[in-house]
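Have a look at the structure below before the remarks.
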Protein chains: 2
Amino acid sequence: MASGGGTRLKYRIVKCTSEEPDYPVTELLSHSQQTKGWQTARFCEFPQEARLGALRGGSWFGSEFLRADACFARLSSCDGALRRGSEYQSACFISAIVCCLGAMSEKVKIGILSTAAIVGKVLPGLKHGMEVVGVASRDRQKAQDFCTTHDCGVGMLYDEMLERDDVDVLYIPLPTGLRNEKIAKAISRGKHIYSEKPMGGTASELSELLKLCEEKGLQWMDGTMWYHSLRTKEIEKKLSGGELGQVLRVSASFTFMAPDEAWLQGGNGRTDKSREPMGCLGDQGWYPLSAILWAFGWTMPEKVMCTHVTLNKVDTIVQCAGTLWFPGNRSAVFDCGCTSPHRSQYEIVCEKGTLRVDDLVGGQQRTGNFAAYEVPFVGSAEYIQGDVMGKDQVVQVEACDHVNMLVDDLASCIKAIKAGGKPDLDWPRRSLSVHKVMSAVFESAQNGGIAVEVAN
Amino acid sequence: MASGGGTRLKYRIVKCTSEEPDYPVTELLSHSQQTKGWQTARFCEFPQEARLGALRGGSWFGSEFLRADACFARLSSCDGALRRGSEYQSACFISAIVCCLGAMSEKVKIGILSTAAIVGKVLPGLKHGMEVVGVASRDRQKAQDFCTTHDCGVGMLYDEMLERDDVDVLYIPLPTGLRNEKIAKAISRGKHIYSEKPMGGTASELSELLKLCEEKGLQWMDGTMWYHSLRTKEIEKKLSGGELGQVLRVSASFTFMAPDEAWLQGGNGRTDKSREPMGCLGDQGWYPLSAILWAFGWTMPEKVMCTHVTLNKVDTIVQCAGTLWFPGNRSAVFDCGCTSPHRSQYEIVCEKGTLRVDDLVGGQQRTGNFAAYEVPFVGSAEYIQGDVMGKDQVVQVEACDHVNMLVDDLASCIKAIKAGGKPDLDWPRRSLSVHKVMSAVFESAQNGGIAVEVAN
């Protein structure tokens with residue numbers, strides 16, 4: 001079809017499923033006062049879409065598309081023009097949206113505050129979706145060596161990184177106990193925050209940090225990769241769309257076996273409370289707890305109980321299980337830790353059906369492929385949906401790399417802010433909700449398994 | 001191979017995997033003072049087996065086999081000669097075992113105390129493995145009509161049934177609240193007991209009934225069909241054999257949706273506490289609770305908690321969930337009821353792997369086939385075993401009809417008693433263990449979800 005361009009981004013229209021004669025899709029190629037925008041054909045069946053191919057580095061990409069659902073139009077998978085889920089009440093607005101695509105094409109610049117192991121999994125995603133300026137450490141040479149080995153910019157000291165004006169966002173995978181201080185400094189220097197999980201400090205401390213971000217118009221996002229897969233987004237839509245009715249019960253687990261006794265007894269960050277205060281509850285427990293809250297649409301539980309807990313020789317949680325009470329007599333159970341075989345799963349029981357995923361964290365199905373946690377991996381391509389009678393179907397979803405998806409979502413948020421928008425507050429809310437619930441479970445664990453109410 | 005005969009049962013040897021020249025398998029065909037019996041070849045790899053084909057009604061069946069494991073020989077799937085799992089310390093005993101096959105070939109005679117709906121599922125199994133003498137009811141004509149319709153003997157009054165000398169065992173599917181009185185009478189009349197579940201009365205009352213059975217040399221078995229499938233027996237062997245290490249955590253569920261509001265609000269036996277005192281905890285909860293105790297090798301939990309419970313308009317439990325604490329900080333969770341979609345499953349997490357079944361009660365896989373609960377069904381043909389790294393394999397098992405298997409197991413017990421043996425006390429122990437745990441969960445449910453200790 002025809003081709004055209006925004007302010008800076010070149011694009012053409014690749015596909016259009018229907019149009020009204022007075023509002024043809026080619027309207028999207030012009031950006032004058034007279035532009036009327038695209039409208040779908042009257043009485044068509046929804047959804048309808050117009051797909052845009054954008055020119056990047058001399059090649060055409062076709063991932064941007066405009067989707068029209070009834071009277072709404074939505075821009076998805078775009079190059080950063082709009083935040084996830086933004087909706088417009090008339091298809092007439094679409095020309096304006098396409099206009100701003102151009103201004104958004106510049107890459108977001110990220111700095112990394114640590115040479116931690118997680119960087120090996122995340123770095124390829126950062127490179128894919130952003131420009132990596134460099135890596136900071138307490139030791140400039142160590143940072144530089146890391147950058148040389150991994151081809152990721154310039155090594156520098158922490159404070160040097162914070163002072164750089166060409167860094168939009170900081171990726172902060174420092175140990176949980178050390179992270180908040182660096183985050184506070186980064187916020188004060190006007191940096192967007194990409195923080196690893198679990199959260200450090202008390203829920204109030206975290207709440208303060210998040211409030212600062214919001215006040216300064218900075219985006220916050222934690223490193224929960226599975227939120228960002230296409231599978232998660234499809235299930236999220238199913239849950240919020242109401243076709244399955246209310247969520248009644250969720251079970252979620254993330255466990256794997258410590259590789260050896262030294263690892264189990266404090267030899268790893270997860271099993272040493274000086275580095276990870278909540279131990280394996282903090283590390284592995286983040287997944288089932290976040291999955292439970294996500295499944296319940298971020299409704300908070302009324303109370304939680306850590307029913308079972310095992311400490312290692314250095315007094316750190318290596319295994320725990322618990323129960324959550326949700327409003328309306330709805331329930332959830334979780335377990336996590338490094339003393340049992342590898343399980344990474346949730347089951348969501350709704351009024352009208354069930355949803356099951358058994359590769360929550362890594363997307364590698366039940367293959368036993370541990371490398372999916374350590375290097376880039378494209379997966380999360382299916383889930384199981386059961387009907388009320390207990391008949392299952394395996395639902396296929398487009399496979400993706402969680403990390404790339406996270407980085408894309410974060411870049412979109414930051415670009416939208418640069419274009420005059422506000423931070424997407426859904427992401428910091430998720431971090432705070434999981435941290436509140438996790439802190440309550442930890443309090444229960446430390447007090448013999450009492451029920452602990454969760455502050456809303 | 002050669003053919004021969006016991007006292008009354010005709011059999012031949014169909015297959016033999018190895019033999020010592022001085023102890024050939026044909027020894028099994030003679031029963032004199034000089035008979036030496038069969039021995040496997042020296043230095044063979046175990047197991048070895050000799051399979052016997054028995055003549056019944058003019059046809060040869062091949063299900064009996066003698067299995068030799070190292071220095072043990074064992075007679076399995078036999079026509080009632082020996083109880084499940086009996087072991088003999090020398091292969092030389094085998095000729096004597098085969099001898100007694102003959103005496104055991106007469107069919108066990110059963111009477112049915114009720115025309116309840118469950119009979120439609122169970123009756124074909126009773127006919128398959130026993131001789132059905134008749135059905136008793138408060139109303140002789142109703143009983144006779146049932147017998148005529150279902151071709152199952154003679155209709156009679158309860159007391160008439162109890163007085164009959166040609167009835168070995170009574171199947172008692174009466175409502176839970178009415179059952180114990182009839183059971184007590186049946187025991188006093190020297191009848192073996194096949195009782196539907198859940199159990200009625202207190203744990204002490206049940207304990208008294210079971211003690212009476214034992215004193216009178218009577219077999220007790222409850223109607224938990226899934227215990228008897230080949231799948232269950234294979235998994236049982238895996239769990240007790242130690243290859244998976246200790247059981248750490250079990251999750252089990254049995255739920256299905258009430259067909260309509262009237263059913264939910266007391267219109268069914270399960271939802272009306274005057275008929276089923278523990279409601280859906282009693283009815284559906286029996287499955288996850290029995291699966292949990294079975295998985296833990298009948299180790300009793302230290303305490304239990306009913307964390308969530310929903311009552312209907314007639315004050316009967318229609319949904320509940322809970323947690324169990326097992327020795328060694330090991331855990332289990334369950335949920336049951338008629339307010340959510342059909343799920344019938346357990347997950348057993350062991351030190352060295354996981355086991356998962358998602359058609360616990362009916363064996364129909366995740367097909368949504370509800371008829372499997374109402375008519376004869378051949379299934380339970382697979383389960384999923386995961387290794388410590390989280391790699392799953394689907395394990396295939398020979399399909400079977402749970403009910404036939406239960407009736408065969410019960411008939412074997414009764415025949416063994418008739419041949420001079422004692423009751424198999426494993427079955428009453430299971431009934432009592434589940435009833436104790438269920439009663440504790442019920443106590444918790446009635447007291448706001450407090451933790452309740454379980455008497456051992």
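The values are calculated or read from the model by the stated rules, or taken from the named source; none is laboratory data. No experiment lies behind these values; they were computed from the predicted model shown. Neighbour counts run over all protein chains shown; Cβ positions are idealised from the backbone, glycine included.
Which count do you get for residues in region B:111-142 that are buried (at least 19 other Cβ atoms within 10 Å of the Cβ) and over 17 Å from the mean Cα position of the chain (by Cα)?
Final tally of qualifying residues: 11.
Considering only helices (runs of 4 or more DSSP H) fully contained in region A:148-261, which possess at least 1 residues that are hydrophobic (A, V, I, L, M, F, W, C) and closer than 28 Å to A:A399 by Cα?
A:230-241
Would you mind listing the strands (runs of 3 or more DSSP E) fully within region A:315-395 where at least 1 residues are crowded, with 17+ Cβ neighbours inside 10 Å and of a type in the set (A, V, I, L, M)?
Of the strands (runs of 3 or more DSSP E) lying wholly inside region A:315-395, those with at least 1 residues that are crowded, with 17+ Cβ neighbours inside 10 Å and of a type in the set (A, V, I, L, M) span A:317-326, A:330-337, A:339-350, A:353-357.
Looking at (1) touching a residue at least 12 places away in the same chain (Cβ under 8 Å); (2) facing another protein chain (nearest Cβ under 8 Å); (3) not charged (D, E, K, R), which one does B:V314 not meet, given that it meets all the others?
Tallying (1) touching a residue at least 12 places away in the same chain (Cβ under 8 Å); (2) facing another protein chain (nearest Cβ under 8 Å); (3) not charged (D, E, K, R), B:V314 fails exactly one: (2).
Any residue at all in region A:232-245 that's within 14 Å of chain B (Cβ to nearest Cβ) and in contact with a Cys (Cβ under 8 Å, 6 or more places away or on another chain)?
Yes.
In this structure, is A:C306 outside any helix (DSSP H, G or I) and either modelled with pLDDT of 95 or more or not assigned by TED's automatic domain parsing to the domain that holds A:G363 (or both)?
Criteria met by A:C306.
Could you tell me which residue of region B:320-363 is nearest to the other protein chains (Cβ to nearest Cβ), considering only residues that are closer than 24 Å to B:W263 by Cα and free of Cβ contacts under 8 Å to residues at least 40 places away in the same chain?
B:A321
Can you tell me which residue in region A:262-289 is surrounded by the most Cβ atoms within 10 Å (Cβ to Cβ), limited to those that are over 21 Å from the mean Cα position of the chain (by Cα) and among the hydroxyl-bearing types (S, T, Y)?
A:T271
So that you can scan it fast, the table gives a plain yes or no per residue for (1) at pLDDT below 95; (2) within 25 Å of A:E302 (Cβ to Cβ); (3) assigned by TED's automatic domain parsing to the domain that holds A:P301:
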site	(1), (2), (3)
A:D335	no, yes, yes
A:C338	no, no, yes
A:I348	no, yes, yes
A:E351	no, yes, yes
A:Q364	no, no, yes
A:E374	yes, no, yes
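Looking at region A:282-294, can you tell me whether even one residue there is over 26 Å from A:V119 (Cβ atoms) and either in contact (Cβ under 8 Å) with a residue 24 or more places away in the chain or within 13 Å of chain B (Cβ to nearest Cβ) (or both)?
Within region A:282-294 (the criterion being over 26 Å from A:V119 (Cβ atoms) and either in contact (Cβ under 8 Å) with a residue 24 or more places away in the chain or within 13 Å of chain B (Cβ to nearest Cβ) (or both)), the answer is yes, since at least one residue qualifies.
Would you mention how many residues in region A:396-420 are buried (at least 21 other Cβ atoms within 10 Å of the Cβ) and touching a strand residue (DSSP E or B) at 6+ places or on another chain (Cβ under 6 Å)?
Qualifying residue count, region A:396-420: 2.
Quick test for you: out of A:L174, A:L170, A:L178, pick the one residue that is surrounded by fewer than 18 Cβ atoms within 10 Å (Cβ to Cβ) and within 26 Å of the chain's Cα centre (by Cα).
It is A:L178.
Quick one: how many residues across region B:402-416 are β-branched (V, I, T), under 12 Å from the mean Cα position of the chain (by Cα) and within 15 Å of B:D168 (Cβ to Cβ)?
Summing the residues that are β-branched (V, I, T), under 12 Å from the mean Cα position of the chain (by Cα) and within 15 Å of B:D168 (Cβ to Cβ) in region B:402-416 gives 1.
Considering only region A:383-398, state which residues are more than 7 Å from chain B (Cβ to nearest Cβ) and aliphatic (A, V, I, L, M).
A:I384, A:V394, A:V395, A:V397
Restrict the check to region A:421-428 and report whether at least one residue is farther than 28 Å from A:E453 by Cα and at the interface with chain B (Cβ under 10 Å from one of its Cβ atoms).
For region A:421-428, residues farther than 28 Å from A:E453 by Cα and at the interface with chain B (Cβ under 10 Å from one of its Cβ atoms): absent.
Quick check on A:K303: is it in contact with a helix residue (DSSP H, G or I) (Cβ under 9 Å, 6 or more places away or on another chain), of a type in the set (D, E, K, R) and within 13 Å of another protein chain (Cβ to nearest Cβ)?
yes
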